[in-house]
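Trainee: Before anything else, here's the structure in question.
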Amino acid sequence: MAELRDLLENRRSTRRFDAERDIPSGVLDAVLRAPLAMPHAGNTYDWRAIVLLRRDRDPERWPAIFDALLSQHYVEEAAALVVWTVQPAWWEANYRRNVDELVERGLIDAARHGALLELIAAGPERGFPLVGALAGEAMMGVAAAMLAAIDAGLGATITACRPARLAAALGVPDQAVVLPFGVLAIGHPAAPAGGAPAKPALADVYYAGRWGRRLDPPRGEGS
Ligand SMILES: Cc1cc2nc3c(=O)[nH]c(=O)nc-3n(C[C@H](O)[C@H](O)[C@H](O)COP(=O)(O)O)c2cc1C
């Protein structure tokens, strides 16, 4: 537990990577597995991610990819980039079957989860922001991969992109949506990630019971 707390408290974005060092395959495997450990709505794993290794970079395709990644230098240095997409139509076509399996296994039942099952049977309401919902879910996986990379001694930075350009550069089909914030750059840090602003205090970002009411810091903050 202390290790997780240390990892969270010391994590910082890395914007200088060692462009000479690759990621050992066992470490990459652990990083790529981490998102699968996260919860998934309706137990439906709709996201797909594209792994780009620096050592396998195609010099002809790279300029378009780099441009779509906003030409940020650390992206060029990173040993691996992972680009997340979500598939809303695929999720909609598959989630009921996956929830049925949860019911069959006794994890969800009508007595305790009636309203949820009704909602699931009815399907997303018109106007439901499914892409946004799935993007949020996929970002949990991005975060898990980031933490797994840092846990393995690497640096990692979540990175913005131009989604339409990146989709075109990577051959992403129409049914998949590249996430505007869903790129993870990982590699060995070339310099300590210092100089970042301090984090907000708990009372800056949480309210107590209703909007705007100050949350008194739980005992232990800052200790
Ligand atoms: C969704 C998201 C997108 C980000 N995009 C970029 C980016 O494109 N380039 C960059 O240098 N940092 C990017 N960052 C890193 C943030 O600037 C950074 O998390 C923030 O300054 C807090 O610093 P820390 O991560 O070192 O704690 C991004 C972070 C998130 C969560």
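Trainee: Using amide H atoms built in the peptide plane, which far-off residues or other-chain residues are under 5 Å from residue 215 H to H?
Mentor: For residue 215, whose amide H was placed from the backbone, the distant partners under 5 Å are 208.
Trainee: About the Cα centre, and with charges only on the beta carbon of Lys, Arg (+1) and Asp, Glu (-1), how big is the dipole of the range 107-175? Nearest 20 debye, please.
Mentor: Around 260 debye, computed over the range 107-175.
Trainee: Convert each backbone phi in the range 70-76 into a coupling constant with the Karplus relation 6.51 cos²θ - 1.76 cosθ + 1.60 (shift: θ = phi - 60°), then list the ³J(HN,Hα) values in order as whole Hz, x for Gly and Pro.
Mentor: Using θ = phi - 60°, the values come out as 6, 6, 7, 4, 5, 5, 5 Hz.
Trainee: Can you show me the helix-derived [θ] at 222 nm for the chain, built from DSSP H runs with n ≥ 4 at -39,500 (n - 2.57) apiece and divided by the number of residues, rounded to the nearest 500.
Mentor: -12500 deg cm²/dmol
Trainee: Moving on. With an 8 Å Cα cut-off and a minimum separation of 6 or more residues, compute the relative contact order for the chain in percent.
Mentor: Reported as a whole number, the value is 32 percent.
Trainee: Sticking with this one: Take peptides 211-219, 96-104, 53-61, 30-38 and line them up by average Cβ neighbours within 10 Å, highest first, as a rough protection proxy.
Mentor: 30-38, 96-104, 53-61, 211-219
Trainee: Among 74, 45, 207, which one moves the most in a GNM of the chain with springs linking Cα atoms closer than 10 Å?
Mentor: Fluctuation is largest for 207.
Trainee: Also: Calculate log10 I(q)/I(0) of the chain for q = 0.13 Å⁻¹, where I(q) comes from the Debye formula with a single equal point scatterer on each Cα and nothing for solvent.
Mentor: Scattering profile of the chain, log10 relative to I(0): -0.93.
Trainee: Still on this structure, I have one more. For the chain, with the dipole built from +1 on Lys and Arg beta-carbon atoms and -1 on Asp and Glu ones, taken about the Cα centre, which of 171, 154, 28 lies farthest toward the positive end?
Mentor: 154
Trainee: Specify the residue with the greatest mean-square fluctuation among 14, 159, 44, computed from a Gaussian network of the chain linking alpha-carbon atoms under 10 Å apart.
Mentor: Ranking 14, 159, 44 by mean-square fluctuation puts 44 first.
Trainee: Would you mind ranking 66, 181 so that the residue whose beta carbon has the fewest other beta carbons within 10 Å leads the list?
Mentor: 181, 66
Trainee: Right, something else. Cut-off is 10 Å between beta-carbons; in what order do 82, 27 appear when sorted fewest neighbours first?
Mentor: 27, 82
Trainee: Right, here's the next one. Taking only complete DSSP H runs, can you tell me which helices of the chain stretch 30 Å or more along their own long axis by Cα positions and average at least 0.5 on the Kyte-Doolittle scale?
Mentor: Span-like helices, by this rule, are 130-151.
Trainee: Mind telling me which of 71, 13, 25 comes out most flexible in a GNM of the chain, alpha-carbon contacts under 10 Å?
Mentor: Its mean-square fluctuation being the largest, the pick is 25.
All of the numbers you see were taken from the coordinates with simple rules; none came from a lab. Note that the structure is a prediction, hence the values are computed from the model and not measured. As a convention, Cβ positions derive from the backbone with ideal geometry for all residues, glycine included, and neighbour counts pool all protein chains shown.
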